[in-house]
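Taking it in order: structure first as structure tokens, then the write-up.
The values are calculated or read from the model by the stated rules, or taken from the named source; none is laboratory data. Keep in mind that this is a model prediction, so the values were computed, not measured. Cβ sites come from the backbone with ideal geometry, for glycine too, and all protein chains shown count toward neighbours.
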Amino acid sequence: MSAFSRVLVTGGAGMIGRRVLTQLRELGVEAAVLDNLSGGLPMPETAALAVCGDIRDSSALDKLIRNFRPVAILHLAAVHHIPTCEAQRAYCLDVNVTGTENVLCAAENNGIGRVAVASSGAVYAWENNELSEDHSPLWPCDNYALAKTCNESQLRFWTQRTGGIGRAARIFNTIAHDDPNAHLIPDIAAQLRNDTGAAILRLGNLTSKRDYLHADDTASGLIALLRDNRQTIAYDSFNICSGIERSVEELVRGIAALLGREIRIESDPSRQRKIDRPSQLGNPEKARRQLGWTARMAFDEALSATILQK
Ligand SMILES: NC(=O)c1ccc[n+]([C@@H]2O[C@H](COP(=O)([O-])OP(=O)(O)OC[C@H]3O[C@@H](n4cnc5c(N)ncnc54)[C@H](O)[C@@H]3O)[C@@H](O)[C@H]2O)c1
């Protein structure tokens, strides 16, 4: 069986996972999904097998794997909303760390030799330069980033234990029209829906910059990483990012131009995150060089698809 013929995608109903499913189908790869649908999006119809279940439920995982016999797992299921991860710290660690351990154990018990895990650009220490896999230090500064940093070590230990191939995707700020999490763009869209005139947006920190890419590009990056065939490299990590960052203010100006609306911004201290890094810019060079992957949609195109698509 080819190393890439049948894939289990945990969290496959999420904003990124459902796009991975669509792209896998286009490549002729069968995919199963395990998702408890807590994110709020429905199960994608593109799944060859769809199971509504929790990654912390070992027997559900084992049963699915025995039925479907995947050759690889792409593990995306997680509590992803950072304020929720702060407010419900133990729950976040239970799903994101213990849940990941469960997925890795199930892979080990069933002889699956390839696992890719969604990590995050948030694992890097706060720096104002480009963040690169092989040179930038890791220093998680919130509970979500702590879990993702732990996931990378869990995956590395799994490769050492099992001889499997493990790849960690350090995903940067991914946007799409159907983002179910209360991120910046869904927040702006909700405020604009309730306001038809010259809008006043109340936002937290306006100067913080992020590296935005569209979820279609993130999905293709994850597939490239899952297909990385260098057998001699047991464990590796890759930035999935655009390499360009924008401030909140630039984002809002872009949205105003797309909607042809006059938008004024007011800083609202109650919306400011207690922990909010000023910059998070990824260097995409390693993914381009090793995986042949780069984000295809420019920022304006990604923003337009996010804001104008229903
Ligand atoms: N969106 C981003 O900007 C971004 C950035 C960095 C990393 N990531 C990571 O990429 C992955 C996918 O992100 P996304 O944006 O699609 O998030 P999402 O919230 O849209 O998708 C996550 C999916 O996981 C499912 N899930 C949550 N807890 C579960 C559990 N206990 N058992 C089974 N399923 C469960 C949810 O129902 C949801 O469908 C996540 O691991 C996330 O942390 C995302």
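For the reader, a short list of remarks on this structure follows.
- Residues satisfying the stated conditions in the stretch 1-58, i.e. outside any loop (DSSP other than H, G, I, E, B) and either on the phi > 0 side of the Ramachandran plot or β-branched (V, I, T) (or both): V7, V9, T10, V20, T22, V33, V51
- Top-ranked residue of the stretch 142-169 - restricted to ones that are more than 15 Å from the ligand (Cβ to nearest atom) and aromatic (F, W, Y), ranked as surrounded by the fewest Cβ atoms within 10 Å (Cβ to Cβ): F157
- Residue check for A78: more than 17 Å from I112 (Cβ to Cβ), in contact (Cβ under 8 Å) with a residue 40 or more places away in the chain and not in a helix (DSSP H, G or I): yes
- Here N128 meets each of (1) assigned to a helix (DSSP H, G or I); (2) touching a Ser or Thr at 6+ places or on another chain (Cβ under 6 Å); (3) at pLDDT below 95 with one exception, condition (1).
- One residue from L226, L222, L251 being of a type in the set (A, V, I, L, M) and either surrounded by fewer than 20 Cβ atoms within 10 Å (Cβ to Cβ) or more than 27 Å from L104 (Cβ to Cβ) (or both): L251
- When the residues of the stretch 48-57 are filtered to those that are within 12 Å of the ligand (Cβ to nearest atom) and small (G, A, S), the one that is surrounded by the most Cβ atoms within 10 Å (Cβ to Cβ) is A50.
- Single condition A72 does not satisfy, out of (1) within 8 Å of the ligand (Cβ to nearest atom); (2) crowded, with 16+ Cβ neighbours inside 10 Å: (1)
- Number of positions in the stretch 241-297 that are touching a residue at least 60 places away in the same chain (Cβ under 8 Å), of a type in the set (A, V, I, L, M) and farther than 13 Å from T207 by Cβ: 9
- Annotation note: of V115, V103, the sole residue that is buried (at least 24 other Cβ atoms within 10 Å of the Cβ) and within 16 Å of the chain's Cα centre (by Cα) is V115.
- Filtered residue count, the stretch 277-310, keeping only those that are surrounded by fewer than 14 Cβ atoms within 10 Å (Cβ to Cβ) and charged (D, E, K, R): 5
- I65 of a type in the set (V, I, T), in contact (Cβ under 8 Å) with a residue 60 or more places away in the chain and surrounded by 15 or more Cβ atoms within 10 Å (Cβ to Cβ): no
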